[in-house]
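**Q** Let me begin by handing over the structure; questions about it come next.
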Amino acid sequence: MLLGKKKEKDVEIPSASLSDIVFLLLIFFLVTTSIDTEKGLDLVLPPPGDTEVKIPKENLANMLVNAQGQVLLDGEIIEINEISRIVREKIQANPNLVISLKTDKETRYEDYVHVLDQLKEAEAKKISIAEPDED
């Protein structure tokens, strides 16, 4: 029996539709991937207009962040890292408490954000952000 040599076939991966496959995979992963974004402080903005709401004095806590980065809560200087604990205690004592946050025009943005983070940690839901005083 005479067996002839088998010719080896060149094995080649077809690349004509490779770009189509890559494109479809890209679309698939873009559609099915969810990206978790960090939520900041949920702020509910008031409706447009100049309506003022009167808040009883016992339900209001004034917080000022001055240009030096010091925080004053009802006129008393407190450490930024203590805001969460103090505000949480005040909210437990008075659930209707509204924190009125005011800054100086020269206050650093990092200090302001740090104070807002502390208020979020204290689970303060009623925050009034006041405008800085005009000089």
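The values are calculated or read from the model by the stated rules, or taken from the named source; none is laboratory data. All of these numbers come straight from a predicted model, not from anything done at the bench. Heads up, the Cβs are rebuilt from the backbone with ideal geometry, glycines too, and the neighbour counts pull from every protein chain shown.
**Q** Out of curiosity, is ARG88 closer than 12 Å to LEU119 by Cα, touching a residue at least 24 places away in the same chain (Cβ under 8 Å) and either of a type outside the set (Phe, Trp, Tyr) or surrounded by 12 or more Cβ atoms within 10 Å (Cβ to Cβ) (or both)?
**A** yes
**Q** Residues to consider are GLU58, GLU110; find the one that is free of Cβ contacts under 8 Å to residues at least 12 places away in the same chain and outside any loop (DSSP other than H, G, I, E, B).
**A** After applying the criteria, what remains is GLU110.
**Q** On to the next question. Residues being closer than 11 Å to ILE83 by Cα and not basic (Lys, Arg): count how many of those fall in region 98-122.
**A** Of the residues in that region, 8 qualify.
**Q** Output the qualifying pairs, or none if there are none: Cβ atoms under 9 angstrom, residues six or more apart or on different chains, first residue in region 36-53 and closer than 18 Å to LEU116 by Cβ, second residue surrounded by fewer than 10 Cβ atoms within 10 Å (Cβ to Cβ) and at pLDDT 70 or above.
**A** Partner pairs satisfying both residue conditions: PRO46/VAL53.
**Q** Output yes when any residue across region 117-128 is of a type outside the set (Ser, Thr, Tyr), assigned to a loop (DSSP other than H, G, I, E, B) and in contact with an Asp or Glu (Cβ under 7 Å, 6 or more places away or on another chain), and no when none is.
**A** No - not one qualifying residue is present in region 117-128.
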